[in-house]
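Note sheet for the following structure.
What follows is calculated from the coordinates using simple rules that are stated; it is not laboratory data. It should be emphasised that the depicted structure is a prediction, and the values quoted were computed from it without experimental measurement. A quick note on method: Cβ atoms are made from the backbone with ideal geometry, for glycine too, and the neighbour counts reach across all protein chains shown.
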Amino acid sequence: MNLFSVGFRTLFYKESLRFWKVATQTIAAPVVTAMLYLLIFGHVLDGRVEMLEGVSYTAFLIPGLVMMSVLQNAFANSSSSLIQSKITGNLVFILLPPLSHAEILSAYIAASILRGLAVGFGVFVITAWFAHLSFVAPLWIVVFAFLGAAILGTMGVIAGIWAEKFDQLAAFQNFLIMPATFLAGVFYSIQKLPPFWLAVSHFNPFFYMIDGFRYGFFGKSDVSPWTSLAIVSVFLVVLATIAINMLKRGYKLRH
């Protein structure tokens, strides 16, 4: 695989341009949504609950909202692109050129990372005015943001290949991505949960992405960032392997 090949660069440019042309919808709208979450939850709960010792609820919430925006928009980028290409019939123009399956997957993931990080940065810039945030371990912030966006970009590829119509893609997002994200500790620390739900949360890979990302700001987390890094990395490898195999088999791509 050559990440500097003309084919990879062209597909990456096409996927990046696709969301940038409608930035009001793909970048500005998610930023506004995250802002509304902060205004509502921050106003109601700030000063009344404490999720991390010495950290205000608004400050605790901001990294969760940033990461949630990164994940959801990375997924939306690759999944919507593939399902659109399948329905309109122009997917053949991606499959016919001499691009390896790894180059195709990498281009979709790279564009998803770009969109996810762009939205996440926008959310951070807007929300950071509402609380004092520290940056105890900035490298962890960058690592988990990239890994999280890559994972959801890969999941988007899998969902886009699997789905045959927009309804199926919406079901994938509404019944898998959204619940896994909201139940991953965006709005709360899992240590506040009853024992049963605390145990269940440890089986949610999204939790480790958000918890590791939040650790980079406060140096505090529900589990070790190294544990989170290991789990998230393995999850990415597994998903990438599945996506590559689906592309190689032409699963629901060739009729």
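The HN-Hα couplings worked out from phi for the stretch 84-91 by the Karplus form 6.51 cos²θ - 1.76 cosθ + 1.60 (θ = phi - 60°) are 5, 5, 5, 6, 7, x, 8, 5 Hz, whole numbers, x standing for Gly and Pro.
Working note: Karplus 6.51/-1.76/1.60 with θ = phi - 60° gives the stretch 178-191 the couplings 4, x, 4, 6, 5, 9, 9, x, 4, 9, 7, 8, 5, 5 Hz, where Gly and Pro are set to x.
Dipole of the stretch 1-104 computed with +1 at Lys/Arg Cβ and -1 at Asp/Glu Cβ about the Cα centre; of Val6, Phe19, Phe75, farthest Cα towards the positive end is Val6. Remark: the stretch 203-214, residue by residue, has Karplus-estimated 3J(HN,Hα) of 9, 9, x, 5, 4, 5, 5, 6, 5, x, 5, 5 Hz, where x stands for each Gly or Pro and the curve is 6.51 cos²θ - 1.76 cosθ + 1.60 at θ = phi - 60°.
Counting each DSSP H run of 4 or more residues in the chain as -39500 (n - 2.57), what helix-only mean residue ellipticity at 222 nm follows after dividing by all residues, to the nearest 500 deg cm²/dmol? Could the numbers behind the result be given before it?
Values: 11 runs with 170 residues, N = 255.
Helix-only estimate at 222 nm: -22000 deg cm²/dmol.
Can you tell me how much longer the chain between Leu176 and Trp20 gets when fully stretched, taken as 0.36 nm per residue apart minus their C-alpha distance, in nm with one decimal?
Working: separation 156, 0.36 × 156 = 56.16 nm, distance 2.63 nm.
Once the chain is fully extended between Leu176 and Trp20, it gains 53.5 nm.
For an R0 of 45 angstrom, estimate the FRET efficiency from the Cβ-Cβ distance between Val136 and Ser5 and round to the nearest 0.05. Result of the calculation: an efficiency of 0.70. When every Cα-Cα distance of the stretch 6-249 is counted in 5 angstrom steps from zero, the calculated P(r) takes the values 1, 7, 14, 18, 20, 16, 11, 7, 4, 2, 1, 0 percent.
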